[in-house]
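Please read the structure below before turning to the comments.
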Amino acid sequence: MSAAPLRVGVVGVGVMGADHAGRLAHRVAGADLVAVSDPDTARAAELAARFDGVRVVGDPLDLIADERVDAVLIASPGSVHEEQVLACVEHGKPTLCEKPLTMDGESSLRVVEAERKAGRPLVQVGFMRRFDPEYAEMKRLVDSGDLGRILLVHNTHRNLRAADSFRSEMIVRDSLVHEVDVCRWLFGEEIETITVLAPRPTGEAAEGVLDPQVAIFRMAGGGMATSEVFVNSQVGYEVRCEAVAERGNATIGLGQSVFVRRAGQYGGRIPDDWRDRFARAYDLEVQAWVDAARRGEVAGPTSWDGYAATAVCTAGMESLATGRPVTVAMADRADVLGGGRG
Ligand SMILES: NC(=O)c1ccc[n+]([C@@H]2O[C@H](COP(=O)([O-])OP(=O)(O)OC[C@H]3O[C@@H](n4cnc5c(N)ncnc54)[C@H](O)[C@@H]3O)[C@@H](O)[C@H]2O)c1
């Protein structure tokens with residue numbers, strides 16, 4: 001492992017970029033936050049001013065090319081991820097790219113291929129649930145075989161509310177993508193077909209937005225998964241997952257807050273958003289990325305995982321439009337990766 005701290009630049013300093021910048025500056029060992037970049041330069045300057053020695057670089061591509069930046073955390077909108085991740089690969093910079101890797105399967109495949117040509121693993125994708133202690137424990141249990149074979153997974157993913165600009169297809173591409181990754185990871189298999197259905201929408205969603213949605217995945221090995229995604233639930237941020245196996249089942253996300261009884265009622269707190277619920281997962285994710293980058297490796301979800309997830313969501317957006325099951329179009333892993341890592 002390199003003795004020097006990893007000099008990290010953050011691209012995109014909105015909700016997630018600002019959260020990750022604070023994590024890199026205060027909670028992650030072995031990393032120095034050295035630069036930030038965002039077209040909203042005032043926002044970037046305001047964030048940089050909260051830390052010592054953090055430069056503002058006007059153009060994200062200049063930050064990526066900067067020799068004083070060893071590694072890049074991309075938290076810009078998904079529409080610009082492809083260009084930015086490809087630039088990171090070109091400059092040989094370890095990259096943690098927030099989900100989704102890119103906007104569709106074809107563009108994500110270009111990233112996988114560019115990384116392969118670069119000759120070494122560089123890209124980790126921000127599927128932080130794999131680092132969440134509850135999900136990680138569930139994965140260990142499933143892999144142990146103690147409950148028998150995994151047969152079914154049921155996911156629930158609800159947000160308090162979403163901006164009016166968060167349209168129906170974004171519920172698939174930007175939200176459901178987490179359940180896609182969780183199911184691939186838990187089953188250890190690809191998703192072969194996806195169906196996305198929408199009941200009568202809630203009156204709390206913007207005009208024309210199909211919310212909630214229900215997705216059904218058929219796994220390559222015959223397992224199935226259901227996922228409810230409801231981004232205007234009005235309740236809070238709730239993520240639950242139940243894995244059903246032959247001799248038992250396991251559920252995560254039942255709530256970890258203090259249980260209070262008061263004035264004839266009982267209950268706990270529901271977080272407003274993901275930064276609260278998954279704070280520990282993000283810390284572990286970014287620490288794993290930094291540690292791996294200093295060893296010249298990638299930890300956790302790879303560019304292949306990012307590609308597989310966007311390929312499934314591309315099929316999911318088609319299913320949402322047609323109401324029919326759609327077979328996921330994916331390149332053959334051995335053809336693309338040459339039988340190597342993925
Ligand atoms: N892992 C998770 O749980 C999670 C949660 C929320 C969002 N995300 C992902 O994080 C990313 C950012 O989401 P957000 O909620 O922080 O969005 P946001 O809208 O709050 O912030 C995006 C920021 O990117 C900036 N930006 C726009 N174009 C840019 C460009 N070309 N280069 C650099 N920056 C640019 C914007 O000015 C803004 O400051 C998205 O990919 C999103 O899907 C992940």
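Nothing in this text is a laboratory measurement; each read-out follows from the coordinates by a stated rule. No experiment lies behind these values; they were computed from the predicted model shown. Because the Cβ atoms are built from the backbone with ideal geometry, glycine has one as well, and the counts that use them run over all protein chains shown.
Rank these for me by crowding, Arg23, Arg200, going from fewest to most other beta carbons within 10 Å.
Working: Arg23 20, Arg200 7.
By the 10 Å Cβ count, ascending: Arg200, Arg23.
I need Cys183, Cys313 ordered by Cβ neighbour count within 10 Å, fewest first.
Working: Cys183 27, Cys313 30.
Lowest to highest Cβ neighbour count: Cys183, Cys313.
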- Query: Between the DSSP loop rule and a limit of at most 12 other Cβ atoms within 10 Å, which chymotrypsin sites (Phe, Trp or Tyr not before Pro) in the stretch 85-191 are left?
  - Reply: none
- Message: How far apart, in nanometres, would the label points at Val214 and Glu246 be if each is projected 7 angstrom from Cα along the Cα-to-Cβ direction?
- Response: 2.9
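Hey, with R₀ at 30 Å, roughly what FRET efficiency would Leu151 and Ala198 work out to, going by the Cβ-Cβ distance, to 0.05?
My answer for the efficiency is 0.70.
Counting every Cα pair in the stretch 1-96, what percent are over 15 Å apart? Mind dumping the intermediate values first?
Numbers: 2424 of 4560 pairs.
The answer is 53 percent, as a whole percent.
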- Query: Using Cα atoms only, what is the angle between the long axis of helix 15-26 and the major principal axis of the chain, expressed in degrees (0 to 90) to the nearest 10?
  - Reply: 60
- Task: May I ask you to compute the full-extension gain from Arg295 to Ala3, defined as 0.36 nm times their residue separation minus their alpha-carbon distance, rounded to one decimal in nm?
- Result: 104.1 nm
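Given N residues in the stretch 125-224, what is its alpha carbon radius of gyration divided by 2.2 N^0.38 Å? Present the calculation step by step, with values, prior to reporting the outcome.
Values: Rg = 15.1 Å, N = 100, 2.2 N^0.38 = 12.7 Å.
Dividing the Cα radius of gyration by 2.2 N^0.38 Å gives 1.20.
If neighbour count is taken as other Cβ atoms inside 10 Å, put Val312, Val112 in order from fewest to most.
If I rank by nearby Cβ atoms, fewest first, I get Val112, Val312.
As an exercise, use a Förster radius of 56 Å and the Cβ-Cβ distance of Arg27 and Arg324 to find the FRET efficiency, rounded to the nearest 0.05. Kindly include the intermediate steps, with their values, before the conclusion.
Details: r = 46 Å, r/R0 = 0.81.
Result of the calculation: an efficiency of 0.80.
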- Normalise the Debye intensity by I(0) for the chain, one equal point scatterer per Cα, no solvent, then take log10 at q = 0.09, 0.14 Å⁻¹ and round to two decimals. -0.49, -1.19
- Message: If I fit a long axis through the Cα atoms of helix 279-295 and take the longest principal axis of the Cα atoms of the chain, what angle between them do I get, 0 to 90°, rounded to 10?
- Response: 40
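If you add up the charges near Gly222, with Lys and Arg at +1 and Asp and Glu at -1, over every other residue whose beta carbon is less than 14 angstrom from its beta carbon, what do you get? Mind showing how you got there, number by number?
On the way: positive: Arg149, Arg218; negative: Glu189, Glu190, Glu192, Glu246.
Here the count lands on -2.
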- Task: Compute from the Cα atoms of the stretch 166-239 the Rg and the Dmax, the latter being the longest Cα-Cα distance, and quote both in angstrom.
- Result: 12.9, 39
- Label-point separation in nm, Gln256 to Glu106, each point 7 Å along Cα→Cβ: 4.2
